[in-house]
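The values are calculated or read from the model by the stated rules, or taken from the named source; none is laboratory data. What you see is a predicted model; the values in this text were computed from it and never measured. Every residue, glycine as well, gets a Cβ built from its backbone with ideal geometry; the counts of neighbours run over all protein chains shown.
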Amino acid sequence: MPLALAGNARDRFVAALHAQQQGDRFTAAYHYRTVLDAEPRHPAALRGLAKLNVTAREALKFTHHKDPKQRARAVKGILSLADDSRLRALLIALRNTHYDVRVPAIEALGATYDKRAVKPLLRRLMMAGGNPQSVYIAQTRQIAYVQDYDVEIA
């Protein structure tokens, strides 16, 4: 019996089922992976992802597809992979000739928090004509904003 999912994860699971029914394996795999990020032992998401069997080679092949939507779906397929193969595939996608593949790959590499991605990202910046000495890379996450209020009783 599937474990209960909270709001967004439940929506992602439904989106994965819908994408799988439509034949969009890459998007379905991406949504299953986000469900598993929220609940790592969710049995239905584990079975769904295993059934899809998306491979890095297959996803990378579709990053060169003529349809931009297929290329975007391929990057989602890469994001659904396990950590080591995902990093390698994203580094390959970083060298893709299509802008709509490189940008999500750059964003995904930043989100991995993997130190091995820093050198290739800086190299890509230099290839684009940037000056890495004047670029500041900052990755922050705001957990919460708390503000104190003074209450006066009249």
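Structure notes:
- Pairs, first in the same structural domain as Gln22 (by TED's automatic domain parsing) in the range 67-94, second of a type outside the set (Ser, Thr, Tyr) and surrounded by fewer than 18 Cβ atoms within 10 Å (Cβ to Cβ), C-beta under 6 Å, six or more apart: none
- Within the range 64-75, tally of residues that are buried (at least 22 other Cβ atoms within 10 Å of the Cβ) and closer than 16 Å to Gln20 by Cα: 2
- Selection count, the range 35-63, where residues are surrounded by 20 or more Cβ atoms within 10 Å (Cβ to Cβ) and not hydrophobic (A, V, I, L, M, F, W, C): 3
This table checks each residue for (1) more than 19 Å from Ala105 (Cα to Cα); (2) modelled with pLDDT under 80; (3) not in a loop (DSSP other than H, G, I, E, B).
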residue	(1), (2), (3)
Ala4	yes, yes, no
Ala29	no, no, yes
Ala44	yes, no, yes
Arg47	yes, no, yes
Lys51	yes, no, yes
Lys66	no, no, no
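- Single match in Leu81, Leu91 (criterion: part of a helix (DSSP H, G or I) and either over 12 Å from the mean Cα position of the chain (by Cα) or at pLDDT below 80 (or both)): Leu91
- Test: Ala29 is in contact with a helix residue (DSSP H, G or I) (Cβ under 7 Å, 6 or more places away or on another chain) and among the hydrophobic types (A, V, I, L, M, F, W, C): yes
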